[in-house]
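Beneath this line is the structure, given in structure tokens, with notes to follow.
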């Protein structure tokens, strides 16, 4: 027994009006995204210098090689006494080492003996004299006074100049967790020499200071004085600073002086580099990052770097394929390229990395990106009044769904939509409204895909002829799937519009209902199927959905049911576990290869839940309904088809992905899913009669 369904035309009109406004907002968003098409190519100076020294090639020559292959920016970190001493830029020696050398007759005469004899050399102190770089010596004297304070830093000789800094000189090996570093390993500041080198070779600079502003000890200079020291050095060098990225656990200026740092960055037109987390969800943990972006009016660029542990497992060609795709699909505008540490393909280490960078640059340019200073989004915050029609459109969709389950008088429908709509509108207009927008997006992403399939069910159920031929079903299912996708895209348009602003585009805020968006459409469609169809005997005289569900739940449990439940639980575990970016379910190697193949062949790789599960199941559902298969089998196929529609809309909740890419992904998913669905249905139609014969034989023996 089937239950006739119909839609309130007034609610459909409201949804149509909302669709117009959502399309306008999405077009506005698309314009903002298209205006941001410049990618910055960055590498760490230290890594390039290490390769140059390792292969005996002049450092400047190697830097020019990388520049010629597309590197626009050098990433510079703070230096330390230990690093500068190892490079010979300064001479650094500990007091304990000097005293030991003196008592073992290794020091005879000279400045060190004079200082020791005068009792000016202390065990717990380090002593610095000029090395190969007078400029570096100036930096060090300035930084030591800022970081450690004048109470601990003294010039104990003027000719030659010897600077004493008191403190623990112990070296911490590796990355000893939680152990306090000694003065030789504490960060001082960016090197003026490195800044000038970048300037002279035509590189931009991405500065990555630690937050030494909070002070290393009680004698350190005030925080603002230390921050001023950082910016003064940048200004004095004349280097073009393209971006600023934090280093360590907190960003420079956190907590008290974030606004001061932001003001200085904006004044110098420096972009905030926001490094994407390794799980592709928001950013690496760095206290103060998001507040800084807010203070800078979102003048930030999403930055991608391959995690060093992961890169060790990759071949160069595998790593290279990621960059341009990531720029396109995740709004990445700074490619932070780490060097490979081992040579590959019979090349030297230097040539391996030169070719790697060159291939990345070519692939990025092939996707019509420009290479230069990272592009940023305009401060895109749409007029919230434009959200109001969309709010009522989403609520109308929710009401359409409810009326498929229960009887609601039209006047009550309108009253409920009006009250709830005004409530949501007030919250969004007069408060931040983030949670309200998230709830509305969840409603659109879960309800409208179900309504689209329910509309297709009306078409199928209105067919009263005999069994439909395979060719006719293939033709019908192909255009009906396109229609279902078109209706589902209404929900996608609502999601893209209601969440559309720069905070979501940069992923400062994210859509948090990912897993619910996969699960809820299946549950909602199950309720509709229970309400719509008589699945078991005894359903015919039951009119409300609760009674029908109770009847389903009261069915006797057999071994076949238990087995089916185990299979369903396993599928659900894989299905849910594979959703989002914190999955515990591993991806098989063959699937990884399939993804890479599709990324090469298609503009936007469609999602497996659509072209491998949902869309093929749609064809099977159409064949089952048209040919009057057992109702429980038809419903199983319908629920599987719901996965595809829900996944399609959920794609648009990834706001970091340009909206045009999401539409292209939906189209690619339809074409590939239709091709696979046709093949699956042909195979099913061939083998199903044999399965029926086996079933009849089994029942006969029973």
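For residue 152, are the conditions met, namely being assigned by TED's automatic domain parsing to the domain that holds residue 46 and modelled with pLDDT of 90 or more?
Considered against the rule, which asks whether it is assigned by TED's automatic domain parsing to the domain that holds residue 46 and modelled with pLDDT of 90 or more, residue 152 comes out as no.
Against the conditions (1) at pLDDT below 95; (2) within 15 Å of residue 614 (Cα to Cα), where does residue 483 fall short? Just the number, please.
For residue 483, the exception is condition (1).
What number of residues in region 200-224 are closer than 26 Å to residue 65 by Cα and surrounded by fewer than 16 Cβ atoms within 10 Å (Cβ to Cβ)?
3
With respect to the numbered conditions (1) in a helix (DSSP H, G or I); (2) out of contact with any helix residue (DSSP H, G or I) (no Cβ under 8 Å at 6 or more places or on another chain), which one is the sole condition not fulfilled by residue 414?
(2)
One residue is enough: does region 210-217 have a residue meeting the conditions out of contact with any strand residue (DSSP E or B) (no Cβ under 7 Å at 6 or more places or on another chain), at pLDDT below 90 and over 23 Å from residue 140 (Cβ atoms)?
no
Tell me, which helices (runs of 4 or more DSSP H) wholly within region 257-368 include 3 or more residues that are touching a residue at least 40 places away in the same chain (Cβ under 8 Å) and under 23 Å from residue 657 (Cβ atoms)?
Where helices (runs of 4 or more DSSP H) fall fully within region 257-368 and carry at least 3 residues being touching a residue at least 40 places away in the same chain (Cβ under 8 Å) and under 23 Å from residue 657 (Cβ atoms), they are 289-295, 316-330, 349-366.
Of all residues in region 236-264, how many are touching a strand residue (DSSP E or B) at 6+ places or on another chain (Cβ under 9 Å) and either at pLDDT 95 or above or crowded, with 17+ Cβ neighbours inside 10 Å (or both)?
Counting residues in region 236-264 that are touching a strand residue (DSSP E or B) at 6+ places or on another chain (Cβ under 9 Å) and either at pLDDT 95 or above or crowded, with 17+ Cβ neighbours inside 10 Å (or both) gives 16.
Does region 495-506 contain at least one residue that is over 28 Å from residue 673 (Cβ atoms) and assigned to a loop (DSSP other than H, G, I, E, B)?
Yes, some residue in region 495-506 is over 28 Å from residue 673 (Cβ atoms) and assigned to a loop (DSSP other than H, G, I, E, B).
Only residues that are within 20 Å of residue 198 (Cα to Cα) and not in a loop (DSSP other than H, G, I, E, B): list them for region 65-97, please.
65, 66, 67, 68, 73, 74, 75, 76, 77, 83, 84, 87
For residue 51, only one of the following conditions fails: (1) surrounded by fewer than 21 Cβ atoms within 10 Å (Cβ to Cβ); (2) part of a helix (DSSP H, G or I); (3) outside the structural domain of residue 147 (by TED's automatic domain parsing). What is its number?
Only one criterion in (1) surrounded by fewer than 21 Cβ atoms within 10 Å (Cβ to Cβ); (2) part of a helix (DSSP H, G or I); (3) outside the structural domain of residue 147 (by TED's automatic domain parsing) is unmet by residue 51, namely (1).
Considering only region 624-647, state which residues are more than 39 Å from the chain's Cα centre (by Cα) and either buried (at least 24 other Cβ atoms within 10 Å of the Cβ) or assigned to a helix (DSSP H, G or I) (or both).
Selection gives 624, 625, 626, 631, 632.
Starting from region 420-434, keep only residues that are in contact (Cβ under 8 Å) with a residue 40 or more places away in the chain, then list their pairs with residues that are surrounded by 13 or more Cβ atoms within 10 Å (Cβ to Cβ) whose Cβ atoms are within a distance under 7 Å, requiring at least 6 positions of separation or different chains.
428/384; 428/387; 428/436; 428/437; 429/384; 433/427; 434/509
All but one of (1) within 22 Å of the chain's Cα centre (by Cα); (2) within 17 Å of residue 42 (Cβ to Cβ); (3) surrounded by 19 or more Cβ atoms within 10 Å (Cβ to Cβ) hold for residue 298, so report the exception by its number.
(2)
Could you pull out the residue among 32, 23 that is part of a helix (DSSP H, G or I) and under 23 Å from the mean Cα position of the chain (by Cα)?
32
Every residue, every condition in (1) part of a loop (DSSP other than H, G, I, E, B); (2) assigned by TED's automatic domain parsing to the domain that holds residue 96; (3) within 15 Å of residue 248 (Cα to Cα), yes or no:
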| residue | (1), (2), (3) |
| --- | --- |
| 183 | yes, yes, no |
| 193 | no, no, no |
| 196 | no, no, no |
| 199 | no, no, no |
| 210 | yes, no, yes |
| 213 | no, no, yes |
| 217 | yes, no, no |
| 220 | yes, no, no |
| 224 | no, no, no |
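Look through 146, 188, 234 and report the one residue that is in contact (Cβ under 8 Å) with a residue 40 or more places away in the chain and outside any helix (DSSP H, G or I).
188
Please verify whether region 386-395 includes one or more residues that are touching a residue at least 12 places away in the same chain (Cβ under 8 Å) and under 25 Å from residue 39 (Cα atoms).
Within region 386-395 (the criterion being touching a residue at least 12 places away in the same chain (Cβ under 8 Å) and under 25 Å from residue 39 (Cα atoms)), the answer is no, since none of the residues qualifies.
Just give me the residues in region 225-235 being surrounded by 15 or more Cβ atoms within 10 Å (Cβ to Cβ) and more than 24 Å from residue 285 (Cβ to Cβ), in sequence order.
Those that are surrounded by 15 or more Cβ atoms within 10 Å (Cβ to Cβ) and more than 24 Å from residue 285 (Cβ to Cβ): 228, 229, 231, 233, 234.
The values are calculated or read from the model by the stated rules, or taken from the named source; none is laboratory data. Given the structure is predicted, the values throughout are model-derived calculations rather than measurements. No Cβ is skipped: glycine too gets one built from the backbone with ideal geometry, and neighbour counts run over all protein chains shown.
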